[in-house]
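Comments concern the structure below.
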């Protein structure tokens, strides 16, 4: 993948994440809630994509809010993981993240 395309794609993914995040604050609340449940269960690490799947289950199955079919893009998982690490530095590294090629951020 060309350097330009990678940078352009990264910017697009990040913009899409922040638009979704700002428009759906309840997803962040649930992401934190379920992440802390996993931490309290004693797991040393976990996958952010699993947390997003748990959120989908809650919204669709437990609450039966079929009209609220959140289209949570799987690409958002890495951004939620990094946001969790930033907001809760005591749990830095709980989610495994790849080093971002467009920044020095891991």
inquiry  = Show log10 I(q)/I(0) for segment 3-91 at q = 0.13, 0.25 Å⁻¹, two decimals, from a solvent-free Debye sum over equal Cα scatterers.
reply    = -0.46, -1.33
request  = Quick one: compute the contact order of segment 3-91, relative version, from alpha carbon pairs under 8 angstrom and 6+ residues apart, as a percent.
outcome  = 30
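A short reminder: the numbers here are calculations on the coordinates, not readings from a lab. All values reported here derive from a predicted model rather than from experimental measurement.
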